[in-house]
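Quick notes on the structure that follows.
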Amino acid sequence: PQVAGGEPELTALLNVSITGRVQPLLSNPKGLSSGIDPLTAELVQAIPGSEVEVITGHAGLSVADPVSGRYTLEISALADEVFTVELDFTGAEGTESLRASAIYHDAPIVLSLEVDHVASPAMSLTPTVEPPVNVRVENAGGVTQLAWNVSPDSDVTGYNVYARPDAEPKFTLLG
């Protein structure tokens, strides 16, 4: 579709907003990337219709009229940096949103995002490994205990549990 003046009409928008000191790189199904290249720390903007903004404490990437298919979002950060990813897809049916939080360790975190303009929902996050299930919190004599059923994924070899007091900015590895 065209609007007055010959400019193409925007039919969909994928928006990635990350709170935290991060360096994101989004790759589309065609293998093109936009964001901060983790090897060179240089800005790349190869995805058509993409815009990238990285400032202290926040990063934003948007793609106008994203192609359908699997996107990967690779996130690098400072050690023990806590960050939150918000994903929005706006299409003919309205806006859908997803949110995820993580703690950066010593290797990039990779999220897999499926975008399909005609599906409902139009986007979904696919975990790289199956998470534990039936996670529960129990209070035993003033001590908080966590329990869960282990992941059925054979690639999971253990779990790291982090905590922080309300007044502290950083999480600490408990074990």
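The values are calculated or read from the model by the stated rules, or taken from the named source; none is laboratory data. All of these numbers come straight from a predicted model, not from anything done at the bench. Glycine also receives a Cβ, built like all others from the backbone with ideal geometry; neighbour counts cover every protein chain displayed. Areas reflect the complete protein model, heavy atoms only, side chains present, ligands, DNA and RNA absent. Shrake-Rupley method; radii C 1.70, N 1.55, O 1.52, S 1.80 Å.
In the full protein context, region 17-175 carries 60 Å² of accessible surface per residue, based on a 1.4 Å probe and ignoring ligands, DNA and RNA.
Remark: C-alpha extents of region 110-151 on the principal axes read 51, 18, 16 Å, sorted largest to smallest. Highest mean first, the peptides 131-138, 30-37, 117-124 sorted by other C-beta atoms within 10 Å per residue fall in the order 30-37, 117-124, 131-138.
Once the Cβ-Cβ distance of Thr56 and Thr126 is raised to the sixth power relative to R0 = 30 Å, the FRET efficiency obtained is 0.50.
Charging the Cβ of each Asp and Glu at -1 and of each Lys and Arg at +1, and nothing else, the dipole of the chain about its Cα centre rounds to 360 debye. Here the scattering of region 42-137 is modelled by Debye summation over its C-alpha atoms, one equal scatterer each and no solvent; at q = 0.16, 0.17 Å⁻¹ the log10 of I(q)/I(0) is -0.81, -0.91.
If R0 is 25 Å, what FRET efficiency do you get for Val110 and Glu168 from their C-beta distance, rounded to 0.05?
Efficiency, from the Cβ-Cβ distance: 0.35.
Distance between the modelled labels on Val118 and Ala147, one decimal in nanometres: 4.8 nm (7 Å Cα→Cβ projection). Distance from the C-alpha centroid of region 12-44 to that of region 111-175: 23 Å, rounded to the whole angstrom.
Extending 7 Å from Cα along the Cβ direction at Asp65 and again at Ala79 yields two label points whose distance is 4.6 nm. Extents of the chain, largest first, come to 69, 35, 32 Å (Cα atoms, principal axes, whole angstrom).
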